[in-house]
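**Student:** Have a look at the structure that comes next, please.
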Amino acid sequence: MAAGLRAASITVSLRGPDGSQVENREWSAFSIDLLAAASPWRTFRWYRGQRHYSGTYWSATMRDHVIYESRLELARLLFADFDPSVRRVVAQPFLLKAEVDGAVRKHIPDNLLVTDEGPVVVDVKPLHRLSKPEVAFTFGWTREAVEARGWKYEVWSEPPTAELENVRFLSGYRRDWLFDRGLVDELRGADLNGVSLRRAAASLPGRPEEQVRSAVYHLLWTHDFTVDLDRPFSPAHLLRRTA
């Protein structure tokens, strides 16, 4: 723990699922289950001329909507929703306070991810703003506070363009109830390992290619199959079975 952050001063405030507030409790007093069930501490309004691109994203992981305040935050939500190790996503999860360099500092992280490897607190910021002293300072003491609890802290900036576009494309196929369960199971049982997307779409002659292709994309979203996401999608992409 760096000298500037007084560990005993770290507190958290959160808003429960029913909207009730619990304020200024010791950081260690909140279980991950309680934090994961929190409602956003900070909400927002839409108004004409606003500078931020805010909205809600329907998360397949949460089976509910999750808020975001910028396009970059939306991109992080897409990646979290696509990640099979992520079990819960909480936006604006809590207000963190700590005494740093003799003054009380406050910060609301962008996301809390509950993953198979443990909790991850995420702040999203464009790469060109990370060098600003006030940003570096806030993220610095936040990292110390989070890691003091044994959790992971992540600062997330712009991902590779091709990967983002591919994940965004696949997110259009995340709603499982839109797909014929029999068709999806048939594709799961088919020998498609090493088969191109073009051939996979034509692999079930008794089914319309458009439906088969959409179901293949759904199975890519659910990680039954995977492809190279580092280059733009094309019919020549080869499927790989993940299990």
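**Student:** If packing is taken as the mean number of other Cβ atoms within 10 Å per residue, what is the order of 173-179, 204-210, 53-59, highest first?
**Tutor:** Listed from highest to lowest mean packing, they are 53-59, 173-179, 204-210.
**Student:** Please give the contour-minus-distance gain from TRP151 to ARG198: 0.36 nm per residue of separation, less the Cα-Cα distance, rounded to one decimal in nm. Intermediate values should be presented prior to the final figure.
**Tutor:** Numbers: separation 47, 0.36 × 47 = 16.92 nm, distance 4.28 nm.
This chain segment gains 12.6 nm when fully extended.
**Student:** Only helical DSSP H runs with n ≥ 4 go in: add -39500 (n - 2.57) per run for the chain, normalise by residue count and round the 222 nm mean residue ellipticity to 500 deg cm²/dmol. Could you put the intermediate results ahead of the total?
**Tutor:** Working: 7 runs with 71 residues, N = 243.
So the helix-based figure for the chain works out to -8500 deg cm²/dmol.
**Student:** Report, in debye and to the nearest 20, how large the dipole of the range 1-137 comes out about its Cα centre when Lys and Arg carry +1 and Asp and Glu carry -1 on their Cβ.
**Tutor:** Numbers: 18 positive and 16 negative charges, 118 e Å.
Roughly 560 debye for the range 1-137.
**Student:** Can you list residues whose amide H is under 5 Å from ARG105's amide H, if they're 5+ apart or on another chain and H is modeled 1.01 Å from N?
**Tutor:** Amide H neighbours of ARG105: ALA98, GLU99, VAL100.
**Student:** I need to check one value: relative contact order of the chain, counting alpha carbon pairs closer than 8 Å and at least 6 residues apart, in percent. Let's see the in-between values first.
**Tutor:** Working: 396 pairs, mean separation 37.9, N = 243.
Once normalised by length, the contact order is 16 percent.
**Student:** Further question on the same structure: Using the Cα centre of the chain as the reference point, and only Cβ charges (+1 on K/R, -1 on D/E), how large is the resulting charge dipole? Debye, rounded to the nearest 20. Don't skip to the end; give the middle numbers.
**Tutor:** Numbers: 33 positive and 32 negative charges, 114 e Å.
Around 540 debye, computed over the chain.
**Student:** OK, next. Which value, in debye to the nearest 20, describes the size of the charge dipole of the range 109-182 about its Cα centre when Lys and Arg Cβ atoms bear +1, Asp and Glu Cβ atoms bear -1, and nothing else is charged? Walk me through the numbers before you get to the answer.
**Tutor:** Details: 10 positive and 13 negative charges, 31 e Å.
Dipole magnitude for the range 109-182 comes out near 160 debye.
**Student:** Ordered by packing density, taken as the mean number of other Cβ atoms within 10 Å over each peptide's residues, highest first, how do 99-106, 136-143 rank? Working shown, then result.
**Tutor:** Working: 99-106: 13.1, 136-143: 16.9.
Order by mean packing, descending: 136-143, 99-106.
**Student:** Taking LYS152 as the anchor, which aspartates and glutamates have their alpha carbon closer than 15 Å to its alpha carbon, excluding any fewer than eight residues away along the same chain?
**Tutor:** List returned: ASP110, ASP116, GLU117, ASP123, GLU144.
**Student:** Let me see the P(r) profile for the range 105-237: every Cα-Cα distance counted, bins of 5 Å, each bin given as a percent of all pairs.
**Tutor:** With 5 Å bins starting at 0, P(r) equals 2, 9, 15, 15, 13, 10, 10, 10, 7, 6, 3, 1, 0.
**Student:** Rounded to the nearest percent, how much of the accessible area of the chain (1.4 Å probe, protein heavy atoms only) is carbon and sulfur?
**Tutor:** Values: 6300 of 12760 Å².
Of all accessible area on the chain, carbon and sulfur atoms account for 49 percent.
**Student:** Further question on the same structure: Provide, as a two-decimal number, the C-alpha radius of gyration of the range 11-140 over 2.2 N^0.38 Å, N being how many residues it has. Walk me through the numbers on the way to the answer.
**Tutor:** Details: Rg = 15.0 Å, N = 130, 2.2 N^0.38 = 14.0 Å.
Compactness ratio reported: 1.07.
**Student:** Explain nothing, just the number: relative contact order of the range 121-243, from Cα pairs under 8 Å at least 6 residues apart, as a whole percent.
**Tutor:** Numbers: 128 pairs, mean separation 32.8, N = 123.
Value for the range 121-243: 27 percent.
**Student:** Moving to a separate point now. Please calculate how many Å² of accessible area the chain carries per residue, with a 1.4 Å probe and no DNA, RNA or ligand atoms counted.
**Tutor:** Working: 12760 Å² over 243 residues.
Accessible area per residue, the chain: 53 Å².
**Student:** Please work out how much length the chain gains when fully extended from ASP185 to PHE137, using 0.36 nm per residue of separation minus the C-alpha to C-alpha distance, in nm with one decimal. Before the final figure, lay out each step's value.
**Tutor:** Numbers: separation 48, 0.36 × 48 = 17.28 nm, distance 5.06 nm.
In short, 12.2 nm is gained.
**Student:** What shape does the chain take by its C-alpha gyration tensor, where a ≥ b ≥ c are the square roots of the eigenvalues and a/c under 1.5 counts as rounded, a/b above b/c as prolate, and the rest as oblate? Working shown, then result.
**Tutor:** Working: a/c = 2.37, a/b = 2.20, b/c = 1.08.
Taking the square roots of the gyration eigenvalues as a ≥ b ≥ c, the chain is prolate.
**Student:** Same structure, new question: Full-extension gain between ARG168 and SER9, please, as 0.36 nm times their residue separation minus the C-alpha to C-alpha distance.
**Tutor:** 53.2 nm
The values are calculated or read from the model by the stated rules, or taken from the named source; none is laboratory data. The shown structure was predicted, so the numbers you read here are calculated from the model rather than taken from an experiment. Every residue, glycine as well, gets a Cβ built from its backbone with ideal geometry; the counts of neighbours run over all protein chains shown. The accessibility values were calculated without ligands, DNA or RNA, using every heavy atom of the protein model including side chains. Shrake-Rupley method; radii C 1.70, N 1.55, O 1.52, S 1.80 Å.
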